[in-house]
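Trainee: I have a structure here, written as structure tokens, and I will follow up with some questions on it.
The values are calculated or read from the model by the stated rules, or taken from the named source; none is laboratory data. Only a predicted model underlies this, so the values are computations on that prediction, with no experimental measurement involved. Every residue, glycine among them, receives a Cβ derived from its backbone with ideal geometry; neighbour counts consider all protein chains shown. What goes into the accessible areas is simple: the full protein's heavy atoms, side chains included, and nothing from ligands, DNA or RNA. Shrake-Rupley method; radii C 1.70, N 1.55, O 1.52, S 1.80 Å.
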Amino acid sequence: MTVTTKGQQLRADIIKQLYYRKALSLTEISKRTKKSLPLITATVNMLIKEQYIIEQGLAPSTGGRRAQTFLLNPKKEKYVVAVAMDQLTTRMVIYNLAQEIVMPVKNLDLDIQDQEAVAKLSRFINRQIEATGLAKNHILGVGIGMPGFVNITEGINYSCLKPADGSNLRQYLAQALGLPVHIDNDSSLIALAELNFGVARDKKDVLVVNIGWGTGLGMIVNGSLYRGSSGYAGEFSHIPLSKTSNLCSCGKVGCLEVDTSLLVMVANAEKALADGSVSIMSELFKDEQKHKADHFLDAVVKRDPLAIAILSDAAFQIGKGLATLIHIMNPESIVLSGRGAKAGKMLLPAIEQAINEFCIPRIAEKTTIVLSKLIEDAELMASASLVIAHSLFN
């Protein structure tokens, strides 16, 4: 067990605040950490000597003396490995402290239900780190976002990614990688990314929808991620709204996911093409260098009528589910994020139609629907911030 002193914790808190906010003055750091200005000044000066922090310059004038601002040093040899997993594809990137990419995104086709998935994942991460030539003692840790019921305290995913030897997932990966490892649910991380870096910043009550292979949800309540009593809040995709008898991945029927996931949209597109529908997807799907879901989203962006029609059907169902949540949560905003947010404004008409149809106007008019600007980068950014949140920067 690591014993953390107050001084160590303050150092870490200052670095975390700068990581989330990029540049801050001493006064702003003092307010955010709730520590005295003299103590903050002394600690920042120490971090400057250790080259964690550099001076950026003067903040914009607010009528008085312009304050000096500080930011994290991109040349400091400390790095973070971020991994974003979905059901079929795993992405990995390495950032420096300034959130600059030092290793571009690498992809691994990986079915998370594969019995060898954990071993394949650890080999992939090790291989990519070795290829960069970065020393592991310069890497703060590995943050991994993944689907499923993730217990962040115990480091276990109860849905998938079970180590073959029956050990704890987080401990297995930490031992295999020789680095600290932190794991969390993908939709929870995407919500944190929007809260810390995206369009939900400084908002109090926000629902963040993760449109991907499933349809996930992260809930921001009073400015913090809401996890529920056992840590599994936000299972939006399993609201029983589907009228089909299609079996969901959870083993039940009627789940929203069976009408709204990207996998279902692709399956519907393939069926329509087989039945003779005309679409640019006929050619796009022949390219096996990209997943069909990415080709589907490309077709939506290119305003292919069939792709838009299929997306609209799914988006209407998502909107129907959101109408239920609006009545319960009364959020100020709903953020559409994740891989599917690439569809952009094409998602909005059907979602808004469903909300207008099923939601009490007095409640609905207080909620804005916002498109993510982070899109598929959201999970990677939040996976990296997992490491920052757990590091002491000694």
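Trainee: What number of residues in the range 285-304 are under 16 Å from Asp86 (Cα atoms) and open to solvent by less than 10 Å² (accessible area, probe 1.4 Å)?
Mentor: 1
Trainee: Hey, another quick one. Does Leu192 satisfy the criteria of being of a type outside the set (Val, Ile, Thr), in contact (Cβ under 8 Å) with a residue 24 or more places away in the chain, touching a helix residue (DSSP H, G or I) at 6+ places or on another chain (Cβ under 9 Å) and over 28 Å from Ile14 (Cα atoms)?
Mentor: The answer is no for Leu192.
Trainee: Give the residues of the range 228-239 that are within 16 Å of Asp186 (Cβ to Cβ), without any contact (Cβ under 8 Å) to a residue 60 or more places away in the chain and either over 22 Å from the mean Cα position of the chain (by Cα) or open to solvent by 50 Å² or more (accessible area, probe 1.4 Å) (or both), sorted by residue number.
Mentor: Glu235, His238
Trainee: Name the one entry in Ser242, Ser277, Ser282 that is assigned to a loop (DSSP other than H, G, I, E, B) and either open to solvent by 40 Å² or more (accessible area, probe 1.4 Å) or not assigned by TED's automatic domain parsing to the domain that holds Trp213 (or both).
Mentor: Unique residue meeting the criteria: Ser277.
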